[in-house]
1. So how far, in whole Å, is the C-alpha centre of the stretch 326-374 from the one of the stretch 74-148?
2. Testing the spin-label approximation: label points 7 Å from Cα along Cα→Cβ at residue 92 and residue 186. State their distance in nm.
3. Kindly identify the stretch 188-342 as rounded, prolate or oblate by the Cα gyration tensor criterion: order the square roots of the eigenvalues as a ≥ b ≥ c, call it rounded if a/c is under 1.5, otherwise compare a/b with b/c, prolate if a/b is larger, else oblate.
4. Student exercise: in the chain, how many lysine pairs 8 or more apart or on different chains have Cα atoms under 20 Å apart?
5. Put +1 on the Cβ of every Lys and Arg and -1 on every Asp and Glu Cβ in the stretch 1-51; which of 42, 22, 1 then has its Cα farthest towards the positive end of the dipole?
6. If the only charges are +1 at each Lys and Arg Cβ and -1 at each Asp and Glu Cβ, what is the size of the charge dipole of the chain around the Cα centre, to the nearest 20 debye?
7. Using helices alone, what [θ] at 222 nm do you get for the chain, with -39,500 (n - 2.57) per DSSP H run of 4 or more residues, divided over all residues and rounded to the nearest 500?
8. Tell me whether the stretch 169-229 comes out rounded, prolate or oblate; compute the Cα gyration tensor, take square roots of the eigenvalues as a ≥ b ≥ c, and use a/c under 1.5 as the rounded threshold.
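Derivation of every value follows stated rules applied to the coordinates shown; laboratory data play no part. Only a predicted model underlies this, so the values are computations on that prediction, with no experimental measurement involved. Counting neighbours? That spans all protein chains shown, and the Cβs are built from the backbone with ideal geometry, glycine included.
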Amino acid sequence: MAERIAGVTGSRADFGIQRPVLDALRAAPDFELDLYVTGMHLSPRFGHTVDEVEAAGFEIAGKIDCDASGGSDLEVAHSTSAALAGFADAWAGRRPDLVLLLGDRFETFAAASAAYLLNIPIAHMIGGDVTSGSLDDGLRHAISKFSHLHFTTNEPARERLIRMGEHPDTIFTTGTPALDAILSRDLLPREQVERRVGAPLGARFLVATFHPATADKGAPSEQFAELLAAFEDLPADMTALVTYANADSGGAELNRLLEVAEERSDRIIARDSLGQELYFSALKHAVMVVGNSSSGLYEAPSFGIPTVNIGCRQDGRLKAPSVIDCSPERSAITAAMVKAVEMDCSGTVNPYGDGRATERVLSALRKFMPFEKLGMKRFFDA
């Protein structure tokens with residue numbers, strides 16, 4: 001009998017990362033996938049990207065609306081509460097054998113909380129990392145403590161989970177599934193990228209995403225204004241393709257600033273979402289990635305392009321030699337971009353995997369079937 005796994009996706013970012021695993025689960029005869037959509041996917045403000053999930057052929061088992069608007073801390077707390085209640089109701093009515101989660105978002109934390117309180121086993125992808133510049137750091141570690149199985153992207157992350165009391169036999173270093181997608185699909189030629197973006201990209205272009213650094217004392221809007229100003233220092237033949245910030249506290253204000261900047265500048269092209277195929281295709285043709293998104297660390301190295309990583313949001317994560325750290329100040333960002341243009345990153349080795357994460361995840365899941373035998377967790381004293 002197939003084991004029912006509940007997958008959860010809340011944004012374009014996590015869907016793109018975990019899609020290879022979700023595709024494999026729905027194709028496997030010994031698994032039954034129920035996919036639940038929540039968070040930014042359901043917001044028109046962020047492109048209503050649930051449409052992309054459905055276009056990819058996924059049947060959606062439930063839509064958990066938590067009004068992810070990117071407003072204040074209080075609004076994010078209320079969104080988390082709404083998501084927790086929504087997942088609890090969904091899984092009380094259609095109980096999965098296992099909940100599969102990825103990452104560290106507040107809606108993912110809500111799903112983990114609901115599953116844990118309903119005594120449903122949890123498997124967690126991309127735990128054990130450190131991002132001390134973001135509240136996601138604490139959420140990620142909390143999700144790991146709720147979880148029975150762990151799929152990490154690197155060995156230092158695995159070692160951290162052991163120090164957190166997770167049993168070594170339940171932790172598997174798989175790499176990130178995002179690289180599986182990069183290496184397994186044909187990406188769009190440059191002219192199609194430009195056509196689908198719907199604007200000329202110039203002779204050269206960079207891809208940028210900047211999210212609120214929620215654990216940083218600096219104001220996200222002031223930091224983002226510095227980045228937008230730095231774009232004006234780019235060479236005349238270079239444009240910036242910028243995607244919207246996420247729904248963390250302060251994200252809505254960043255997106256308003258981006259919209260104003262796009263109206264005033266011929267250097268900036270803003271889009272709420274690109275979707276996985278277009279985003280990866282853009283990276284294939286871009287000269288660099290700029291901002292503070294994990295994509296600059298996880299995925300950009302596999303394209304042989306440099307990353308300008310701004311501020312403290314990704315502090316603590318493994319970084320390939322292609323990553324340039326800089327402070328969130330116009331002069332520092334401009335200097336880092338100038339350095340990036342001159343770098344040759346064609347031989348970069350990505351520290352987050354080899355494109356075979358999906359097969360490792362499914363192999364590990366099968367070792368613990370049926371999932372009911374996972375039972376209660378025990379703290380592992382190393």
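1. Their Cα centres are 22 Å away from one another.
2. Spacing of the two 7 Å Cα→Cβ label points: 5.0 nm.
3. Verdict is rounded for the stretch 188-342.
4. Details: 145/373; 145/377; 284/319; 284/339; 319/339; 367/377.
Step by step, the pairs that qualify in the chain add up to 6.
5. 42
6. Value, rounded to 20: 740 debye.
7. Details: 14 runs with 155 residues, N = 382.
Using -39500 (n - 2.57) per qualifying helix, the result is -12500 deg cm²/dmol.
8. Details: a/c = 3.91, a/b = 1.02, b/c = 3.83.
Because a/c hits 1.5 or more and a/b fails to exceed b/c, the stretch 169-229 counts as oblate.
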